[in-house]
């Protein structure tokens, strides 16, 4: 079991239940999945960029990414239907908690001028999204071998019903959220 998962199961869930005044342990919000997405629009012109981005995503998450394809042709972007334009990974269970632990304790502190994450980046249903400008904040990526920096979106999907419950869950898990 992952370190953060064990801590959540044994300690944090009880604290969160008391904080939200819930007696039923099944009604306490929890993390369902984490989706990591890289949009590689430059892969239209250079196929090597997609291979590099998917390789880095695989190193970061420990799981083979799914290559996403374009749905429509857009001539202004020189994009045809079914061209590779991105890659994504959906993490659940042990890998999800390991990734979140590395994101909180290793990657986010390495972001330049980091003052905390926006506490208002919720979608209205308790799910949280954040963006990273480059993949090199993760220690798995060797900066000398990176030819093109690539940003990514990370979405934390929770079982919370409201943004307030999602915020309480993320604070409980140790997300460095900035106070507004």
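The values are calculated or read from the model by the stated rules, or taken from the named source; none is laboratory data. Please read all numbers here as calculations on a predicted model, not as lab measurements. Heads up, the Cβs are rebuilt from the backbone with ideal geometry, glycines too, and the neighbour counts pull from every protein chain shown.
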Quiz item: Within region 127-160, which residues are surrounded by fewer than 19 Cβ atoms within 10 Å (Cβ to Cβ) and either free of Cβ contacts under 8 Å to residues at least 60 places away in the same chain or in a helix (DSSP H, G or I) (or both)?
Solution: 129, 130, 131, 133, 134, 136, 139, 142, 143, 144, 145, 149
Quiz prompt | Count of region 121-144 residues which are more than 25 Å from residue 3 (Cα to Cα) and modelled with pLDDT of 85 or more | solution = 6
Quiz item: Of all residues in region 1-42, which are under 21 Å from the mean Cα position of the chain (by Cα) and over 19 Å from residue 101 (Cα atoms)?
Solution: 38, 39, 40, 41
Practice problem: Provide a single number: the residues in region 97-126 that are assigned to a helix (DSSP H, G or I) and within 28 Å of residue 159 (Cβ to Cβ). | Solution: 13
